[in-house]
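Let me begin by presenting the structure, written as structure tokens, before commenting on it.
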Amino acid sequence: MASRLYLIILAGLLLAQGLSLALLLYERYQSTVQAMYNTVEHDVATSVTVLDRLPAAERPDWLARLRRDNYRYLLGEGRPGVPLVSERSREVTRRIAMELGPAFHVHGQTVSTRPELYQVHFTLSDGSPLTLEVTPHLTPVAAWLPVMLALQLLLLLLCTWLAVRLATRPLTQLAQAAEAMTPTADGPRMSEDGPTEVAQAATAFNTMQDRIARHLKERLHILASISHDLQTPITRMRLRAELLDEGEERQKLLGDLRAMEQLVREGVAYARSAHGGAEAPVRLDVDAFLESLVFDYQDIGQPVTLAGSVGGTAMVRRQALQRVVGNLVDNAIKYGGSAEISAWRDGQGELSIAVADRGPGIPEEELDAVLQPFYRLEASRNRDTGGSGLGLAIAAQLARAIGGSLTLANREGGGLCATIALRSVSIDPR
């Protein structure tokens with residue numbers, strides 16, 4: 001949009017400037033021609049009269065005195081030519097003839113058209129021929145004029161850039177605020193100052209952000225309340241089931257109750273994950289953090305390895321980040337049998353952490369859908385294989401809450417790679 005506005009405004013200004021310059025040059029040309037018409041007839045008539053009254057021997061001495069920038073006098077017939085071609089040459093000859101009268105037998109001929117050169121012939125009273133050679137040209141352009149035109153062009157470019165920048169800056173700020181908007185409404189607020197239209201748009205955006213935050217908070221509060229309230233009756237049911245006699249029905253009932261408890265805990269965890277950004281950031285040694293996480297899994301016999309290091313510290317929300325990485329590792333172990341953690345920093349020093357496995361992967365068309373809550377790849381909804389559909393959703397929401405993003409991609413050779421990109425977290429080298 002900025003480029004289009006810049007081109008439109010600049011093209012309009014350049015067109016207006018070019019039109020003004022063309023009109024100025026045309027007016028200057030008309031004024032010069034009219035001035036020439038008004039002066040040349042009197043000047044030439046006076047000069048011819050002076051030469052006519054001088055003795056023939058003195059006339060050559062006066063030729064230099066009577067010479068002008070665009071015409072001169074020659075004693076003699078001059079060069080042969082053709083009838084006058086241009087309207088300007090005919091008008092000049094006509095005016096001179098009217099000023100001098102028929103006694104001098106005034107007539108003109110064109111000698112050259114490019115550049116224009118024509119001659120006006122006279123016959124003096126003693127019968128001697130006299131020729132006026134005219135080389136018409138406009139007054140040369142002043143040396144400072146191109147410099148002024150260049151300065152005007154630079155001024156146009158600067159003013160156009162400034163106007164476009166002022167016009168598009170609110171849109172840029174709006175886009176940045178929309179990208180930084182978080183579920184907890186703790187993203188940057190737009191300034192409500194400036195022109196009326198900009199202030200109205202900023203107010204509407206801030207109001208929208210508050211409404212979205214309230215709506216999400218209410219939704220998550222309902223989910224957390226329901227999940228929390230279900231824990232008590234489920235616990236009572238489990239206690240009663242444990243009092244039943246041993247048998248297949250008792251085991252099935254206890255299994256269903258454990259599944260319900262797991263779903264309730266994940267529902268509460270999902271509701272709480274939206275507020276991961278409320279945790280205060282702390283300076284953390286990224287390599288030590290990841291190594292500790294890997295060792296914890298290895299201590300309980302889980303095949304988790306660490307590949308790569310970043311060699312620095314960063315300001316992160318430790319508990320939220322640990323929950324995100326932990327969810328991804330659990331998911332990798334569950335579906336791939338093992339997990340491989342790696343970390344790196346990009347060209348801007350921002351932190352990225354990846355968890356990879358060698359499981360079956362996810363169909364390309366469903367990579368985004370699995371990040372939505374309660375979405376399962378398996379239509380059977382078997383909890384032993386399909387899960388509750390909240391693990392990746394919790395990780396994605398936590399990543400957004402701490403200012404990052406979670407993306408999934410299939411690996412070459414099979415498997416899935418989940419990458420956490422923390423855009424607002426920079427690595428400080430040791």
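In region 351-366, the residues that are under 22 Å from VAL316 (Cα atoms) reach residues that are of a type in the set (Phe, Trp, Tyr) with C-beta atoms within less than 7 angstrom, at least six apart or across chains, in these pairs: SER352/TRP344. Taken as a whole, the structure leaves THR49 outside the set of residues that are in contact with a His (Cβ under 7 Å, 6 or more places away or on another chain), surrounded by fewer than 16 Cβ atoms within 10 Å (Cβ to Cβ) and either of a type in the set (A, V, I, L, M, F, W, C) or farther than 30 Å from LEU145 by Cα (or both). Annotation: LEU171 fulfils all but one of (1) in contact with a Lys or Arg (Cβ under 9 Å, 6 or more places away or on another chain); (2) within 30 Å of ARG400 (Cα to Cα); the unmet one is (1).
In this structure, ARG95 does satisfy being in a helix (DSSP H, G or I) and either surrounded by 15 or more Cβ atoms within 10 Å (Cβ to Cβ) or within 60 Å of the chain's Cα centre (by Cα) (or both).
Selection of region 399-415 for residues being open to solvent by less than 20 Å² (accessible area, probe 1.4 Å), in a loop (DSSP other than H, G, I, E, B) and modelled with pLDDT under 85 yields only ILE402.
In region 54-78, the residue that is surrounded by the fewest Cβ atoms within 10 Å (Cβ to Cβ) out of those that are farther than 15 Å from THR123 by Cα and among the basic types (Lys, Arg) is ARG65.
The residues in region 107-137 that are in contact with a strand residue (DSSP E or B) (Cβ under 8 Å, 6 or more places away or on another chain), open to solvent by 30 Å² or more (accessible area, probe 1.4 Å) and assigned to a loop (DSSP other than H, G, I, E, B) can be counted, and the count is 2. When VAL50, VAL40, VAL33 are screened for being assigned to a helix (DSSP H, G or I), at pLDDT 80 or above and closer than 25 Å to PRO136 by Cα, only VAL50 passes.
Taking the numbered list (1) open to solvent by 80 Å² or more (accessible area, probe 1.4 Å); (2) within 30 Å of ALA150 (Cβ to Cβ) in turn, LEU5 passes all entries but (1). Applying the set (1) in contact with a strand residue (DSSP E or B) (Cβ under 9 Å, 6 or more places away or on another chain); (2) outside any helix (DSSP H, G or I) to ASP69 leaves exactly one unmet item: (1). Does ARG90 meet the test of being touching a residue at least 40 places away in the same chain (Cβ under 8 Å) and assigned to a helix (DSSP H, G or I)? Here the answer is no, as ARG90 does not meet what is asked.
Let's see how each residue does on (1) farther than 16 Å from GLY391 by Cα; (2) at pLDDT below 80; (3) assigned to a loop (DSSP other than H, G, I, E, B):
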{"site": "ILE226", "(1), (2), (3)": "yes, yes, no"}
{"site": "MET237", "(1), (2), (3)": "yes, no, no"}
{"site": "ARG240", "(1), (2), (3)": "yes, no, no"}
{"site": "GLU246", "(1), (2), (3)": "yes, no, yes"}
{"site": "GLN251", "(1), (2), (3)": "yes, no, no"}
{"site": "LEU254", "(1), (2), (3)": "yes, no, no"}
{"site": "ARG258", "(1), (2), (3)": "yes, yes, no"}
{"site": "GLU266", "(1), (2), (3)": "no, yes, no"}
{"site": "ALA269", "(1), (2), (3)": "no, yes, no"}
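Per this entry, GLN17 is not counted among residues that are part of a helix (DSSP H, G or I), open to solvent by 40 Å² or more (accessible area, probe 1.4 Å), farther than 30 Å from LEU162 by Cβ and not aromatic (Phe, Trp, Tyr).
The values are calculated or read from the model by the stated rules, or taken from the named source; none is laboratory data. The shown structure was predicted, so the numbers you read here are calculated from the model rather than taken from an experiment. Cβ atoms come from the backbone with ideal geometry, glycine included; neighbour counts cover every protein chain shown. All accessible areas refer to the heavy atoms of the entire protein, side chains included, with ligands and DNA or RNA removed. Shrake-Rupley method; radii C 1.70, N 1.55, O 1.52, S 1.80 Å.
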